[in-house]
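Every read-out reported here was derived from the displayed coordinates using simple, explicitly stated rules and does not represent laboratory data. The model shown is predicted, which means the values in this text are computed figures rather than measured ones. Ideal geometry is used to build each Cβ from the backbone, glycine not excepted, and the neighbour counts take in all protein chains shown.
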Amino acid sequence: MDRAQMQKRLDQLVWRVEEARIRRSEHHIVKIVAVSKYATEEQVRMLYDLGQRAFGENRVQMLQERTEHLEDLPIEWHFIGRLQKNKINHLIRANPFMMQSLDSLELAEAMQKRLAEQNVTMECLMQINSAREESKTGVDPDEAVEIYTAIKERCPNIDLRGVMTIGAHTEEKALVRKSFETTYDIFDRLKKDGAQICSMGMSHDFELAIECGSNMIRIGSLLFK
Ligand SMILES: *Cc1c(COP(=O)(O)O)cnc(C)c1O
């Protein structure tokens, strides 16, 4: 992919986001996280050069490599994948701008321990399994508010900023919408606890997610495939 093609993809994405957010509200702002797991380093540089600043990776090792190789660029890195407990220290070393996939109280407490040992904090989102799918990680929607408050109480080194979800994996739009609405409803209830970010929407469903209130979308294939 050359620069002109990349520019065109970014422009088209920004335009579609613009139309979707206006349908929600004129004042609704949406941040785009470019998920670079399908991209080469050169493509990340290219997109950065075109103005994109937030990037996401779903594997700790790739995140580490990229933060090192691209450290000359002030990129805002997001970790969005499943985190195994034995990788916590690696993640802390990579020092992402935000960790979006805190999927249980148990993981939060394990992270808290490591973060406290190293006397650092990390901004995180709590991941919700909004469609209650076996294959997906995340807290159960019925327990989400309770777990969010428990993490806030017990994990002072975790700076919880909101929630993240992956929409229902189905062609049925009504079910996808329902999973986004479930997540937004939880987000809404957590606003009084300081939740500000509702990260939902990927290449195939971001417009629907924005209509349901998402203010952060994670886009991979649409930009890089
Ligand atoms: C890969 C990935 C994305 C991006 O998915 P696309 O469909 O390629 O846009 C978003 N969120 C998470 C958690 C991912 O793993």
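The stretch 3-224: Rg/Rh from Cα coordinates, Kirkwood Rh?
Working: Rg = 16.8 Å, Rh = 17.7 Å.
Ratio value, two decimals: 0.95.
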Practice task
Give the peptides 34-41, 19-26, 183-190, 86-93 in descending order of average Cβ contacts within 10 Å, highest first.
Solution key: 183-190, 34-41, 86-93, 19-26
Handout entry: Among 97-110, 130-143, the order from most to least packed when residues are scored by Cβ within 10 Å on average
Key = 97-110, 130-143
Practice task
Tell me what the chain gives for mean residue ellipticity at 222 nm when only DSSP H runs of n ≥ 4 count, each as -39,500 (n - 2.57), the sum divided by the residue total, rounded to 500 deg cm²/dmol.
Solution key: -13500 deg cm²/dmol
